[in-house]
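Colleague: One structure is given below, represented as structure tokens, and several questions about it will come after.
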Amino acid sequence: GVLPLIVGVALGFGLPYLAARHVKENQEGMPIRRVMVDLVATQLAFEAGIAGVQGLDVVEQRTDAPVTAAVLTPIVDQLTDTGDKPTLIMPPPAAVEFVVPGDSTNLRFQGAVNLDDTSMNTFPNGTKFPVTYRVLVDGDVKWETTFEHEGVRPGWSAEHMSWRHVEAGGERGVPVLPGQTVRLETMLADGVDPKQYSKDQLKLGFGGASLVEHDRQPRLVPTPHAPNVIYVVIDTQRRDRLGTYGYPKDTSPNIDRFAAESIVFEDAYTTSSWTWPSTASLLTSLPPDAHGVKSSASCTLDQSLTTIAEVLQNRGYTTAAFVGNPIVSSTRYFDQGFETFNETLGEFRMSDTYMPDALEWLEKHAPLRFFMYLHLVDPHTPHRPSPTQMERLGIGPAPESWPESGLDGIRRGSGSDPGTEITPELTQYANDLYDVSVATGDMWFGKLLDKIDELALDDRTVIVLTSDHGEELLDRGFRGHGHNLYPELVRAPLIIHVPGTTPARRGGVVSNRHVPTTIAALCDVGLPGFGRPLDILNDALPDEAMFETTKGEWWPDFRGGQQLFGLRRGTKTTHWRYSDDPVAKVVRSDLRIYDDQGDPTSQRDLAILAEDEARASATRIREILEAARLKMPGGIAGVGQGGASVLQQIGYADKDDDSEEEEDEASADDQEKDD
């Protein structure tokens, strides 16, 4: 158990102490959870008609309410286990079966049962009806519960309506072996006629149904070929508001200090201008059309994909994530590969609420080989900057015209609503408030650097800093992100510190989605699914980056929900309003092209002058898309009632702002009508 620690010391990574707790943790081993089969995703893929996908064997189902798969939400309560789960919907009486595949002997069937809130609301207050749920293995009942569901009533208990998890032997899940037949059942009480209930009243079933392998392996220590990794993503961080990229205000003294000792990428891009698709890329190295996280209808990170956290965990890394954005959540399976996933519930958490816990975790695990993911949100609305940084940057009180709800309160005109008058005073304060929020995130990044120095970790720790997207600060008359693909939204900071590497600045176009493959190369491990993964520290840069959004707006009508793609090649960037029709003619009205030389902020559309070049870029985009979509998983779940509530609560569901609820299904049809 302690041999890896001794080996680490012998390799030159001497540790200051080996506390008893670390020896104990190492002897116990690190728990590893691998999802071998996601039954809900499999059913979704089968229902979508994905070639080669076999669905579950449906033994019994109602003719008017067949077994299906969807996202189910018992109740919207962010503080209890009642939120969204991709679910096998089994209106009783129903039964499905499947045979356990593979050869692992450490498998458990895991799931949880409940009723959707839309069904509860169809019953009169206080109405009760019991449903029995069963899990059988080779005909033997291994787990059974009768859940007395009821209609909404005053004093309704959220605790009562929490998901009930399948359990056996004091652990979640039921042990199963390869070749065994697992049967899931739902039924009403004896004598109750199921026909008295409509299909809408019985939206219930097994949430998160999956076959999971549980394992343990030793915790290791860092070596020259397996250094520690700290991966910092600053949500909504514009590249051009950092000193290291030429910003004159002192918004980022700590990031600038860090950059002076690191590799700085001059022309890096995100894969999208909003959080869900971009963050999925930052964890998997896949573009959005390969991982499939693209809209509210497709926002769950498929468990068949491999994240950088999973790869490193299998390499002996102790893994942890500390996340301030509520939509980067375990509900959406962004926690894959993280032993610790410290997340927020229902609202944004600024760094001061969880970074102390992250620094404490870092200190506790300093002797071990670790991977830490930090998702800071200080530059994101609602801005809550540090008073210390407000004073340091000389930012005074808000002007009288500043909306009570802050930057999110600035409205675009529509119909009879003239919207918010954008005055120079308003624009100045919007930028000042953003700058001091950037400085707040920088302050906490500085505390992280100080802790690394204090723990003497610098010589064995790789540190990456980037962002998921930027922010429009009234640059083009509005604010927010997700609605377009301009440089302030997709051009990202990308800075990597590798111990012993000479600081440098690298030109050339690159996507920050290549960070996971680069981390994998630094840690001497492969990322499955990539033939020859790109290592942006040592390989030639591709001089090409693609980005997209399903929430796009295309001037002059500002109609949202359009599929936009962008391609950066050399100094030029093409924007294309996409049509799904493979033989559709690319028309000039769907194209824009900008040249960074002389126009770094993309103000002058050159499509009239460079139409052929723009069309060629659209062709290249389609080629990249076709290759990416061959990798896309088939069964990707969307958002449920709980997720929709979070989007509304944090301001993403307002049609007038940077809403992240827009879906891409309408864009192709609407596009064709426009053409």
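Colleague: Tell me the mean residue ellipticity at 222 nm calculated for the chain from its helices only (DSSP H runs of n ≥ 4, each -39500 (n - 2.57), averaged over every residue, nearest 500).
Modeller: -6500 deg cm²/dmol
Colleague: Here's something else I'd like to know. Please work out the C-alpha center-to-center distance from the stretch 326-391 to the stretch 111-132 and express it in whole Å.
Modeller: 35
Colleague: With θ set to phi - 60° and the Karplus curve 6.51 cos²θ - 1.76 cosθ + 1.60, what are the ³J(HN,Hα) couplings of the stretch 88-104 in order, to the nearest whole Hz, using x for Gly and Pro?
Modeller: Per-residue couplings from phi come out as 7, 7, 10, x, x, x, 8, 8, 10, 9, 7, 9, 5, x, x, 9, 6 Hz.
Colleague: Let me ask something additional. Quickly work out the residue 606-to-residue 144 label distance, labels modelled 7 Å from Cα along the C-beta direction, and quote it in nm with one decimal.
Modeller: Spacing of the two 7 Å Cα→Cβ label points: 7.4 nm.
Colleague: Hey, can you grab everything whose amide H is under 5 Å from the amide H of residue 75? Only 5+ residues off in sequence or another chain; H modelled, so Pro and N-termini drop out.
Modeller: Hits under the 5 Å cutoff: none.
Colleague: Over the chain, with the other protein chains present, what is the accessible area per residue in square angstrom, probe 1.4 angstrom?
Modeller: On a per-residue basis, the chain sits at 38 Å².
Colleague: Quick one: if the Förster radius is 25 Å, what FRET efficiency do residue 360 and residue 330 give, using the C-beta to C-beta distance and rounding to 0.05?
Modeller: Efficiency for this residue pair is about 0.75.
Colleague: Set the Förster radius R0 to 25 Å, insert the Cβ-Cβ distance between residue 51 and residue 624 as r into 1/(1 + (r/R0)^6), and round the FRET efficiency to 0.05.
Modeller: Working from the Cβ atoms, E equals 0.70.
Colleague: Under the rule of at least 5 residues apart or a separate chain, name every residue whose amide H is placed under 5 Å from the amide H of residue 114.
Modeller: Amide H neighbours of residue 114, under 5 Å, 5+ apart: 205, 207.
Colleague: With helices defined as uninterrupted DSSP H runs, which ones in the chain have an alpha carbon span along their own long axis of at least 20 Å and mean Kyte-Doolittle hydropathy of at least -0.5?
Modeller: What comes out of the filter, once short or polar helices are dropped, is 424-454.
Colleague: So what is the relative contact order of the chain, in percent, for Cα pairs below 8 Å that sit 6 or more residues apart?
Modeller: Rounded, it is 17 percent for the chain.
Colleague: What trypsin sites (Lys or Arg not before Pro) does the stretch 540-629 have in DSSP loop regions with at most 16 other beta carbons within 10 Å?
Modeller: Filter output for the stretch 540-629: 559, 585, 604.
Colleague: If packing is taken as the average count of other Cβ atoms within 10 Å, what order do 197-206, 367-376, 182-191 fall into, highest mean first?
Modeller: 367-376, 197-206, 182-191
Colleague: Given R₀ = 51 Å, what would the calculated FRET efficiency be for residue 428 paired with residue 225, taking r from the Cβ atoms and rounding to 0.05?
Modeller: 0.50
Colleague: Something else now. Let me know the shape class of the stretch 195-310, please: from the alpha-carbon gyration tensor, a ≥ b ≥ c as square roots of the eigenvalues, rounded when a/c is under 1.5, otherwise prolate if a/b is greater than b/c, or oblate.
Modeller: oblate
Colleague: Scan [x] 3, 14, 23, 23, 17, 11, 6, 2, 0, 0; [y] 3, 15, 24, 25, 20, 11, 3, 0; [z] 3, 16, 26, 28, 18, 7, 1, 0 for the value of P(r) over Cα pairs in 10 Å bins from 0, in percent calculated from this model and give just the label.
Modeller: Calculated P(r) over Cα pairs in 10 Å bins from 0, in percent: the matching label is [y].
Colleague: Related question: Non-local amide H neighbours of residue 269 (under 5 Å, H modeled in plane, Pro and chain starts lacking H): which ones?
Modeller: Residues meeting the criterion, in which the H sits 1.01 Å from N, are 492, 510, 511, 512.
Colleague: List, in the order given, every pair from 294/364; 249/551; 364/631; 85/451; 128/199 whose Cα-Cα distance in the structure shown is over 28 Å.
Modeller: 294/364; 249/551; 364/631; 85/451
Colleague: To continue, here is another question. Starting at the first residue of the stretch 171-188, write each ³J(HN,Hα) from the Karplus equation 6.51 cos²θ - 1.76 cosθ + 1.60 with θ = phi - 60°, in whole Hz, x for Gly and Pro.
Modeller: Per-residue couplings from phi come out as 10, 5, x, 10, x, 9, 10, x, x, 6, 9, 9, 10, 10, 10, 10, 8, 8 Hz.
The values are calculated or read from the model by the stated rules, or taken from the named source; none is laboratory data. Bear in mind the structure is a predicted one, so any value in this text is a computation, not a measurement. Cβ coordinates were reconstructed from backbone atoms using ideal geometry, including for glycine residues, and neighbour counts include every protein chain displayed. Just the protein is used for accessible areas: all its heavy atoms, side chains included, with ligands, DNA and RNA removed. Shrake-Rupley method; radii C 1.70, N 1.55, O 1.52, S 1.80 Å.
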